[in-house]
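Notes follow once the structure below has been shown.
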Amino acid sequence: MTKHSRAKYQPTGKLQFGIFFQGVNSGTIWKAAESGSQTDFESFRRIAQTAERGLFAAFFLGEGLRLREHLGRPHELDVAGRPDAQTMLAALAAVTSNIGLVATQNTTYNDPADLAHRLSSLDLLSGGRAAWNIVTTDNAWTGANFRRGGYLDHADRYTHAEAFVETAKRIWDSHDADAGTWRRVVHQGQHYSVDVTPRLPRSDQYRPVLFQAGDSPDGRDFAARQADVIFSAHPKFDDALEFRRDIVERTLKAGRGANDVKIMPASEFILAATPQEARDKKAWVRSLQIGPQQAIAYLEQFWGRELSEYDPDGPLPEIDPVVEETSETRGSGFHGAKARQLADQWRAEAKEKGLTIRQFVSAKTSRVDATFNGSYAEVADRLADYARTGAVDGFNISPWLIPTGLDDIVNHLVPALQERGVYPTEYAGSTLRENLGLTTPERPEADFAGVSAAPSEARA
Ligand SMILES: Cc1cc2nc3c(=O)[nH]c(=O)nc-3n(C[C@H](O)[C@H](O)[C@H](O)COP(=O)(O)O)c2cc1C
């Protein structure tokens with residue numbers, strides 16, 4: 001590409017799908033008759049193989065290093081039990097052949113040399129299909145799980161993350177394939193020091209693909225500098241276009257090409273043969289996603305107190321949130337003053353719309369923006385617009401049912417997209433990098449022998 005074309009974003013006109021297997025949320029229905037287990041390998045195998053039949057680019061696993069709690073007990077919206085991502089993906093590598101295997105791993109509690117080695121192992125084992133979804137983790141209580149108690153300020157988490165990723169890249173770059181040798185990687189930084197001679201050769205895709213999930217301005221700049229793909233929280237059409245514009249601007253500022261960072265937002269699909277059937281199905285799905293206990297638990301997070309005596313099919317509690325004791329279930333630093341304001345606002349909203357607790361919570365948690373609901377043909381038409389305008393490069397789909405929740409997408413939506421020319425009809429290659437249309441990184445000529453503080457730490 002010429003310099004000029006690298007500066008202008010060009011839609012590829014194609015979409016890719018990923019499947020995001022969520023272990024912790026209220027979006028997956030674990031209690032329906034057809035539901036599988038959230039820990040059995042069979043659930044993972046079945047859905048990964050279905051995704052591969054539908055030519056999905058990637059299979060994602062999230063990460064939560066501590067079970068969420070509120071009011072001193074496990075959070076009702078969660079299910080307990082989430083197998084380690086890299087272990088699970090290694091097992092999936094053996095029963096799949098093309099789909100990418102994406103492990104969410106945080107930079108705040110890992111060490112770069114160790115994580116780089118484990119990701120290289122997955123990359124080699126899978127024939128160049130591994131990826132790392134880089135997160136910094138947004139909650140203090142996870143830090144309590146770790147010996148170093150290492151929760152960092154927001155800005156510091158990204159400084160640390162960047163030094164971490166740059167060190168990991170140097171480790172992956174250290175292999176001289178022609179000479180069959182490795183160069184020593186030394187890093188002395190603010191948060192950790194590394195002195196390592198890597199042990200693994202490069203994979204068929206050079207190194208693991210880098211995804212990023214984190215939406216703050218710091219997070220977006222970090223992605224613009226470091227990531228191949230952003231797992232975004234912006235699936236709604238206008239919002240997606242604006243997010244693309246923002247990321248292209250940041251990417252160019254970081255000295256990269258306008259098309260260098262792909263975007264795949266989180267999404268949910270509730271589909272059927274006709275529009276009416278799809279609407280009915282959505283109502284049914286929602287009624288299963290938020291049960292009475294979950295509705296109460298959801299409000300308890302913001303009220304910071306027991307609300308179990310309230311009727312889930314009655315109005316929102318008149319009682320006020322406990323200001324000092326607002327739960328940090330979501331780890332978002334949500335504070336009491338805000339909680340009272342929010343409770344007033346929610347009560348007014350529920351009253352105006354005539355909603356019960358359960359209906360209100362269902363509407364609040366339904367990820368309205370992220371849901372594509374309609375007939376296969378309707379939704380395929382909508383997605384074709386995303387492809388043609390370049391609003392996104394694909395969607396990371398959270399199935400509401402495991403393990404059969406991708407069946408109708410693969411059987412009906414994928415063929416409808418293929419007919420519209422916006423979805424692949426075969427895998428482009430055997431590596432994730434090839435299937436996502438990413439270029440292979442070039443090995444830098446840097447001097448690896450010297451001690452370096454990563455540039456991001458120098459910036460801070
Ligand atoms: C779509 C999406 C998915 C995420 N998945 C995870 C996850 O599985 N585990 C995790 O610890 N954090 C996850 N995060 C949060 C990241 O930890 C991120 O670091 C956090 O949002 C704080 O960064 P920010 O302030 O830039 O948004 C996710 C974020 C987004 C937007």
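The values are calculated or read from the model by the stated rules, or taken from the named source; none is laboratory data. Values in this document were obtained by computation on a predicted structure and should not be read as measured data. When we count neighbours, we look across all protein chains shown, and the Cβ atoms used for this are built from the backbone with ideal geometry, even at glycine.
Here are the numbers:
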{"item": "Conditions (1) crowded, with 20+ Cβ neighbours inside 10 Å; (2) at pLDDT 95 or above; number of the one not met by SER97", "result": "(1)"}
{"item": "Pairs, first within 21 Å of TYR386 (Cα to Cα) in the stretch 218-242, second within 9 Å of the ligand (Cβ to nearest atom) and of a type in the set (Asp, Glu), C-beta under 6 Å, six or more apart", "result": "ALA233/ASP215"}
{"item": "Identity of the residue in the stretch 398-414, of a type in the set (Val, Ile, Thr) and within 18 Å of ALA377 (Cα to Cα), that ends up surrounded by the fewest Cβ atoms within 10 Å (Cβ to Cβ)", "result": "VAL410"}
{"item": "Test: residue in the stretch 14-31 that is at pLDDT 95 or above and surrounded by fewer than 19 Cβ atoms within 10 Å (Cβ to Cβ)", "result": "yes"}
{"item": "Residue check for GLY255: on the phi > 0 side of the Ramachandran plot, more than 13 Å from the chain's Cα centre (by Cα) and of a type outside the set (D, E, K, R)", "result": "yes"}
{"item": "The stretch 37-71: number of residues that are within 16 Å of the ligand (Cβ to nearest atom), within 16 Å of THR431 (Cα to Cα) and not small (Gly, Ala, Ser)", "result": "2"}
{"item": "In the stretch 18-36, the residues that are in contact (Cβ under 8 Å) with a residue 60 or more places away in the chain, of a type in the set (A, V, I, L, M, F, W, C) and away from the ligand (no atom under 15 Å from the Cβ)", "result": "ILE29, TRP30, ALA32"}
{"item": "Sole exception among (1) at pLDDT below 55; (2) in a helix (DSSP H, G or I) for ASN411, by number", "result": "(1)"}
{"item": "Residues located in the stretch 392-408, provided they are under 20 Å from PHE237 (Cα atoms) and in contact with a Pro (Cβ under 8 Å, 6 or more places away or on another chain)", "result": "VAL392, PHE395, ASN396"}
{"item": "Residue in the stretch 215-232 that is farthest from the ligand (Cβ to nearest atom), counting only those that are closer than 23 Å to VAL379 by Cβ and out of contact with any helix residue (DSSP H, G or I) (no Cβ under 8 Å at 6 or more places or on another chain)", "result": "VAL229"}
{"item": "Whichever residue in the stretch 190-212 is in a loop (DSSP other than H, G, I, E, B) and crowded, with 22+ Cβ neighbours inside 10 Å and, among such residues, is nearest to the ligand (Cβ to nearest atom)", "result": "PRO208"}
